[in-house]
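Before I ask anything, here is the structure I am working with.
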Amino acid sequence: MEKQRLDKIIASTGKWSRREVKNLVRQGRVLVDGLPARTAEEKVDPETVDITVNGEELTYRRYTWIMLNKPAGYLSATEDGRGKTVLDLLPQELRRQGLFPVGRLDKDTEGLLLLTNEGGLAHDLLSPRHHVDKVYYTRVAGRLTEEDCRVFAEGMLLDDGLACQPAGLEILSAGEESEAYVTLREGKFHQVKRMLAQRGKPVLYLERVRMGNLLLDPVLPRGDFRFLTVEELEMLKNS
């Protein structure tokens, strides 16, 4: 990997500003391969050297990828004057890293939301030409039928003019309230809700459980987050 300035590498963690890094270097609190850094401007390869700050080993990530189990009540945005955003669920050092949501979930929709500062892969995951599946668990008012599944599979033309691509509808239970998985290859505004509403089964609850090959971690508490593993990132790339 190309060498980078030491202050840039350390500041990329979001824990310190470049000015703070300069002070830490002057105080001898930054070590590179066990030796005090000479200057904050020296260039090193962050993937081949060991950097410690205040005795803590630095974990370098070229890009940050986070899995968030989004709760209801948060907007999928970086900032919004209308209320709390998903970035408010992250610590300050991560909010400094320029993270943004990969796609959107409605304010009242819960579940899998990815946050990153890597624009290229995020764009590929959202691009219509890549057809990355997004799977939602939903609970609706009314009895879902095989006819609903057929209409979803053929593609729907909504009353407001939106032409929806063929989608999957897998019924889990049917009754006065029904449960199902909905699989989309696109992500229009309120699309799952609009499709089910047109079938006369308004959504009562909606949760995204999968994106591409990546499943929502079943042990990740609602409102919490974790970094993606190397294997999970490869799954996304292969999606």
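Could you tell me which of 32, 100, 138 has its Cα farthest along the dipole of the chain towards the positive end, charges placed at Cβ (Lys, Arg +1; Asp, Glu -1), taken about the Cα centre?
32
Also: I need two numbers for segment 133-211: Rg to one decimal and Dmax as a whole number, Cα atoms only, in Å.
11.1, 30
Compute the distance from the alpha-carbon center of segment 114-137 to that of segment 159-185, in whole Å.
Centre-to-centre (Cα) distance: 20 Å.
Something else now. For residue 108, project a label point 7 Å along Cα to C-beta. Then give me every residue of segment 56-85 with its amide nitrogen under 13 Å of that point.
Only 72-74 pass the distance filter.
Still on this model: Using only the Cα atoms of segment 1-106, construct the convex hull and provide its projected area averaged over every direction, in square nanometres to one decimal.
Computed as one quarter of the Cα hull surface, the answer is 7.8 nm².
Skipping prolines and chain starts, which residues have an amide H placed within reach, meaning under 5 Å, of the one on residue 142, given they are 5 or more residues away or on another chain?
177, 178
Testing the spin-label approximation: label points 7 Å from Cα along Cα→Cβ at residue 171 and residue 45. State their distance in nm.
Output for this residue pair reads 6.0 nm.
Using only the alpha carbons of the chain, what is the convex hull's orientation-averaged projected area in square nanometres?
That works out to 15.2 nm², a quarter of the Cα hull's surface.
Could I ask something else about it? Whole-Å semi-axes of segment 4-57's equivalent ellipsoid, largest first, each the root of 5 times a Cα gyration tensor eigenvalue?
14, 12, 11
Provide the gained length on full extension for the span residue 213 to residue 238, in nm with one decimal, where the gain is 0.36 nm per separating residue minus the Cα-Cα distance.
Stretched out fully, the residue 213 to residue 238 stretch lengthens by 8.2 nm.
Please tell me the relative contact order of the chain in percent, rounded to the nearest whole number, where contacts are Cα pairs under 8 Å and at least six residues apart.
Worked out over the chain, it gives 19 percent.
Then there is this: At what distance in nm do the modelled label points of residue 95 and residue 205 sit from each other, each positioned 7 Å from its Cα along Cα→Cβ?
Going by the 7 Å Cα→Cβ label model, 3.0 nm.
FRET efficiency for residue 227 and residue 147, Cβ-Cβ distance as r, R0 = 41 Å, nearest 0.05?
About 0.40, to the nearest 0.05.
Just to be sure I understand: of the beta bridges DSSP finds with both ends in the chain, what percent are antiparallel, rounded to 5?
95 percent
Right, another one. With charges set only on the Cβ (+1 for Lys and Arg, -1 for Asp and Glu), what does the dipole of the chain come to about its Cα centre, in debye to the nearest 20?
Its charge dipole is roughly 860 debye.
Something else about it: Of 186, 170, 56, which is the most mobile in a GNM of the chain whose springs link Cα atoms less than 10 angstrom apart?
56
To the nearest 0.05, what FRET efficiency results for residue 2 and residue 78 with a Förster distance of 30 Å applied to their C-beta separation?
Step by step, r from the Cβ atoms, then E = 0.60.
Read-outs: derived from the displayed coordinates by stated rules, not from any lab. Keep in mind that this is a model prediction, so the values were computed, not measured. Neighbour counts are summed over all protein chains in view; Cβ atoms, including those assigned to glycine, are modelled from backbone coordinates with ideal geometry.
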